[in-house]
Amino acid sequence: MTVRTSRRAFLKSAVAAGTSLLPLPAVAEAAPPRVVVVGGGFAGATVARALKRADARIAVTLVETNRTFTACPFSNGVIAGLRDISAQQFNYEKTVADDVVIATGTANLVDAQARSLIVGDGVRLHYDRLVLAPGIDIRWDALPGYDETAAERMPHAWKAGEQTLLLRRQLEAMEDGGLVVISAPANPFRCPPGPYERASLIAHYLKTKKPRSKLIVLDAKDAFSKQRLFQNAWKELYPGLLEWVSLSNGGKVTSVDPATNTLTTDFGRHEAKVANVIPPQKAGRVAELAGVTDRSGWCPIDPVTFESKLVPNIHVLGDATIAGAMPKSAFTANAQAKVCAAALAKLLNNEAPAEPKLINTCYSLVAPDYGIHVAGVYRPVNGVLTEIEGTGGVGPVDAPRATRALEAQFADGWFKTITTEVFG
Ligand SMILES: Cc1cc2nc3c(=O)[nH]c(=O)nc-3n(C[C@H](O)[C@H](O)[C@H](O)COP(=O)(O)OP(=O)(O)OC[C@H]3O[C@@H](n4cnc5c(N)ncnc54)[C@H](O)[C@@H]3O)c2cc1C
């Protein structure tokens, strides 16, 4: 594990840890409360910085495996050759400048009794409150034939980075006239509209660069996010090129064979030139290690504080949570993190947190100049995050192309705004 910190944060954490680096001040201060955050993505990086803003006394340590964060939103654009992966990458310099101590390494053991965790090769961190924001892991045991080796041939590209680039390279290498197959999982999974945005942008790539090719989406569902908007756009933009196969029509992939790039369903077999398998998912592994997942593989939380319903003093944010009606999105992760930071600042000062309202908006690109969206406002009702009636919904079905072009610009603006807030 390596630790990065601003001078001010380093001195504070040294005092909190009882390390005598400096002559002790004349009046000993009470030890500041310690919060450790695991995962420096949209939820984790947000909560770490928001906590320092809410109460600068709190000693905040952010544990993150990677020095560079690679964002998933807009990574479908990388796959379709519309942007470079560098546009997806962010560092933690501004987080350090906010007096958050960065511990680079993987948290791999949580001792909830002792309120401590182990990072990397054995460094132990103690906390008063722990926040887990690890995102997702793939359920490698869920789809016969699909394991980590198979993912090298049939990329999921559901965690951005090398997998994104692998899928990009495969599409580039494919000859015109090839068959691309995407398999989409059953709910719940990271980014409900993501597979359909990906299908759209790959279709755009094929239409413009390899027009004799075909794209099939095999789906384990009969309905999906923003379905009408997507399907109307597909009819208009990609007729004959993009085919969606629902669960009822035999879309559920039951096994894959990476040796032949074949996806099997109850209704038949599809041998693809490029196969993008988006498999079933679960909360990031550290959540399981901490005992905060239930049998679903996701984490039940209190919707006011995001404290685990299973283990006290551990809070869970973002994709890893069971968050009622809120979808697993970066927008959601960021919104939950701000609510959690405010709640933690109250709890650590023995005050009661306020009941929150949270917003989510998910934009998707159907083509570079064609955007659509879904939005919602949520609040806790009987312990569950519930959409407030009449607050959200999808964009208009019959909007003119000028509106779609504007929505594509809004999507771009949203990504710039959120990444600036979280990492800039
Ligand atoms: C193709 C695609 C397109 C998407 N498009 C959109 C979009 O347009 N809009 C939108 O709002 N959302 C979008 N999403 C969803 C969005 O990416 C996720 O919902 C969001 O990243 C969730 O944030 P998170 O903080 O929970 O997890 P992440 O952002 O994945 O962050 C988790 C972090 O935790 C770290 N970590 C995990 N375990 C450990 C450990 N044990 N120790 C240390 N570090 C650890 C990881 O390295 C990672 O940096 C998209 C997703 C995909 C796949």
Q: Could you tell me what percent of the accessible area of the chain is made up of carbon and sulfur, with a 1.4 Å probe and every protein chain present?
A: 53
Q. Check Ile136: other-chain or 5+ apart residues with amide H under 5 Å from its amide H, H built from backbone geometry?
A. Gly284
Q: Round to the nearest 10 and give me the degree value, 0 to 90, for the angle of helix 7-16's Cα axis relative to the longest principal axis of the chain.
A: 60
Q. How large is ³J(HN,Hα) for each residue in segment 367-383, as worked out from phi by the Karplus curve 6.51 cos²θ - 1.76 cosθ + 1.60 (θ = phi - 60°), to whole Hz, x for Gly and Pro?
A. 8, x, 10, 9, x, 9, 8, 9, 9, x, 10, 10, 8, x, 10, 6, x
Q) Do you know the relative contact order of the chain, to the nearest whole percent, from alpha carbon pairs under 8 angstrom that are 6+ apart? A) 17
Q) At a Förster distance of 60 Å, what's the computed FRET efficiency of Arg169 paired with Ala30, Cβ-Cβ distance as r, to 0.05? A) 0.60
Q: If a/c stays under 1.5 just call it rounded; otherwise compare a/b with b/c (prolate if a/b is bigger, oblate if not). Do that for segment 74-125, with a ≥ b ≥ c from the square roots of the Cα gyration tensor eigenvalues.
A: prolate
Q. Given labels modelled 7 Å from the Cα in the Cβ direction, how far is it in nm from Thr65 to Asn382?
A. 3.8
**Q.** Principal axes of segment 227-287: Cα extent on each, largest first, Å
**A.** 42, 32, 23
Q: Could you state how much accessible area Val47 has, in square angstrom rounded to the nearest 10, with a 1.4 Å probe and all protein chains kept in place?
A: 0
Q: Apply the Karplus parameterisation 6.51 cos²θ - 1.76 cosθ + 1.60, with θ equal to phi minus 60°, to every residue of segment 40-50 and state each ³J(HN,Hα) to the nearest whole Hz, in sequence, with x for glycine and proline.
A: x, x, 4, 7, x, 5, 5, 5, 4, 6, 5
Q: Give the cross-link partners of Lys209 among the aspartates and glutamates, using a straight C-alpha distance below 16 Å as the criterion and excluding same-chain residues fewer than 8 apart.
A: Glu172, Glu175, Asp176
Q: Mind listing the long-range amide H neighbours of Asp99? Cut-off is under 5 Å, sequence gap 5 or more, other chains count too, H placed in the peptide plane at 1.01 Å from N.
A: Ser6
Q.
Could you compute how much accessible surface Asp141 exposes when probed at 1.4 Å, giving the result in Å² to the nearest 10?
A. 130
Q: Specify whether the C-alpha gyration tensor of segment 157-244 places it in the rounded, prolate or oblate class, a ≥ b ≥ c being the square roots of the eigenvalues: rounded for a/c under 1.5, otherwise prolate if a/b is larger than b/c and oblate if not.
A: oblate
(Q) If I fit a long axis through the Cα atoms of helix 162-173 and take the longest principal axis of the Cα atoms of the chain, what angle between them do I get, 0 to 90°, rounded to 10? (A) 20
Q.
How large is the accessible surface of Glu288 in square angstrom, using a 1.4 angstrom probe and rounding to the nearest 10?
A. 90
Q) Tell me, what ³J(HN,Hα) does each residue in segment 53-67 have, in order and in whole Hz, if you take phi through Karplus 6.51 cos²θ - 1.76 cosθ + 1.60 with θ = phi - 60° and put x for Gly and Pro? A) 6, 6, 7, 5, 6, 5, 7, 10, 10, 10, 9, 9, 5, 9, 7
**Q.** Net charge of Cβ neighbours under 15 Å - reference Ala186; Lys, Arg +1; Asp, Glu -1
**A.** +3
Q.
At 222 nm, what value in deg cm²/dmol follows for the chain if DSSP H runs of at least 4 each add -39500 (n - 2.57) and the sum is divided by all its residues, to the nearest 500?
A. -8500 deg cm²/dmol
(Q) Just to be sure I follow: if Rg is taken over the C-alpha atoms of the chain and Rh is the Kirkwood radius over the same atoms, what is Rg/Rh? (A) 1.00
Q. What's the extension gain from Thr149 to Ser296 if we count 0.36 nm per residue and subtract their Cα-Cα distance?
A. 50.4 nm
Q: Past 19 Å, Cα to Cα, is the threshold; run Lys159/Lys338; Lys207/Lys416; Lys94/Lys338 against it and keep the listed order.
A: Lys159/Lys338; Lys207/Lys416
Q) Taking only protein heavy atoms and a 1.4 Å probe, what accessible area per residue, in Å², does the chain have with all protein chains in place? A) 43
Q | Fluctuation leader among Ala157, Ala375, Ala133 - the chain, Gaussian network, Cα springs under 10 angstrom | A | Ala375
Q.
Quick check: pseudo-label points 7 Å beyond the Cα along Cα→Cβ at Thr264 and Asn350, how many nm apart are they?
A. 6.4
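The values are calculated or read from the model by the stated rules, or taken from the named source; none is laboratory data. These numbers come from a predicted model, not from an experiment. Methodologically, a virtual Cβ is constructed for each residue, glycine included, from the backbone with ideal geometry; neighbour enumeration extends over all protein chains shown. These area figures cover heavy atoms from the full protein model, side chains too; ligands, DNA and RNA do not enter into them. Shrake-Rupley method; radii C 1.70, N 1.55, O 1.52, S 1.80 Å.
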